[in-house]
Every structure is written in structure tokens, then in C-alpha cells.
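For reference, the structure discussed in these notes is given below.
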Amino acid sequence: MATRYDQLLSLIDQHKPHLIIEVGVHRAVRAVAMCERALKHHKAVDYMGFDVFETMGQKFQEEALNGKGMPTEAHARYALRRAQNVATANRRSLGFNLVIGDTRQTLHGRPAGFYGALAFIDGDHRVECIRADYEALKACPVVVFDDYYVPDARGVTVDLAKYGANAVVAELEHYGAKVEILPAADPCKHGGVIKLAVVRR
């Protein structure tokens, strides 16, 4: 059975981005998978990842509803360097840049240089942070939100007024954006199940 992240790789196949932007790198598992898939379509791919890594403590991670544990810059950098070496051995080029810190300081308000990119938003799970991350990345032709929550069989989900992409997706649809909710869903430790939502320009 496909997971929601299998669908992310299918989006890479469909849109064939040269540049991948990710908010919420963690240990770069998703970063490496996306870059490897994009390198099947191009000889050169660039990746830019934004994460607080160890600069913020456990309290921040809990407030952000981070269910994966403390992110590790060294682990992420090692994984991306390994992927870079594999790409080089296969006569491909993988460039990467890790931007460390809260996206409210590192991403929001940056000049928009992300045209042609596929962006994956999976960082701070608070609604206001997801909304601001999207505003910073909305010039990208494809923006994928993780953490679109759906109630589970018991009718349980997280507090959608505080967490998840649902409120942002509803706002975008209200103003005429076409948003696709992809079908595959994975259980969430905080309640409910998680899907991906995709906005295409």
C-alpha cells in the first residue's frame, strides 16, 4: 500500500523540478529520496532545506507538534553528502544548501528566487507558521503541504484551529486556488491520519 511519501516521489516524476525546497529537513530522509528521484530526470539538481535543527529545544519541538524527535544537522548533512557522492559517481550533480534557524527569520521576507521549484512544507506544524511558509514559497509552480489532517475511524484528529495545513488549504480554495488532496494517508501519533495537499500554479 502506498504511503503519502510515495505520492511525493510521483509528483517529482510528474513535474521534474531542477530545484527542490523543503521546510523541515529533519534527518534528510525525504530530501535524499526527492533528490535521487529528480536526478532521474536531470543531470543536475539543487536542493535547499530549511530547519531549526538543534538551535531550538524540546519545548519548541513540542509546540511545533514535531512527532519525529529532535532534528539533527550532522545527520542531515551526512545523508546529503552521501547522495551527492552517489550522484557524482553516476555523472550527475547534486548541490545542496541547508539553512539553519526558524523560518520566520531565515525564509519569510526573502527575495523570491524559487521560480521553477517544487516546495515541500513539513516544518513547524502550527497554522500560522504553515501559512507564512506558504506565503514565502507561493511563487513556486508546485507547493506540497504535508500534515493535512483527516479524522481517523474514531473521528479523532488534532486541533485543526491550531495545527496542520487544513486552515491554509481552506483559505486558498476560498480565494480560487486549485488544491488537490492526495488519497494516501498515514496514521498520526497525535490523532487522525495525514495526507498531502498540492497547490499548482
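The values are calculated or read from the model by the stated rules, or taken from the named source; none is laboratory data. Everything numeric in this text was worked out from a predicted model, so none of it was measured. Virtual Cβ from ideal backbone geometry, glycine too; neighbours counted across all protein chains shown. Note: accessible area is taken over every heavy atom of the protein model, side chains too, but ligands, DNA and RNA are not part of it. Shrake-Rupley method; radii C 1.70, N 1.55, O 1.52, S 1.80 Å.
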| query | Does Asp133 satisfy the criteria of being touching a Gly at 6+ places or on another chain (Cβ under 7 Å) and closer than 15 Å to Phe50 by Cβ? | reply | yes
| said: Based on this model, can you work out whether His41 counts as open to solvent by less than 80 Å² (accessible area, probe 1.4 Å), assigned to a loop (DSSP other than H, G, I, E, B) and modelled with pLDDT of 95 or more? | reply: yes
| said: Any residue at all in the range 127-145 that's of a type in the set (D, E, K, R), at pLDDT 95 or above, open to solvent by 30 Å² or more (accessible area, probe 1.4 Å) and in contact with a strand residue (DSSP E or B) (Cβ under 7 Å, 6 or more places away or on another chain)? | reply: no
| message | Of the residues Ala89, Ala79, only one is of a type in the set (A, V, I, L, M, F, W, C), open to solvent by 40 Å² or more (accessible area, probe 1.4 Å) and more than 18 Å from Ala177 (Cα to Cα); which? | response | Ala89
| query | So how many residues does the range 91-134 have that are over 19 Å from Leu196 (Cβ atoms) and in a helix (DSSP H, G or I)? | reply | 6
| query | In the range 147-201, which residues are open to solvent by 20 Å² or more (accessible area, probe 1.4 Å), farther than 16 Å from Val127 by Cβ, part of a loop (DSSP other than H, G, I, E, B) and not small (Gly, Ala, Ser)? | reply | Pro151, Asp152, Arg154, Val156, Tyr175, Lys178, Pro183, Lys189, Arg201
| What is the number of the single condition among (1) under 18 Å from Leu8 (Cα atoms); (2) open to solvent by less than 10 Å² (accessible area, probe 1.4 Å); (3) not charged (D, E, K, R) that Gly123 does not meet? | (2)
| What are the residues in the range 153-169 that are out of contact with any strand residue (DSSP E or B) (no Cβ under 8 Å at 6 or more places or on another chain) and farther than 15 Å from Ala132 by Cα, if any? | Ala153, Arg154, Gly155, Val156, Asp159, Ala161
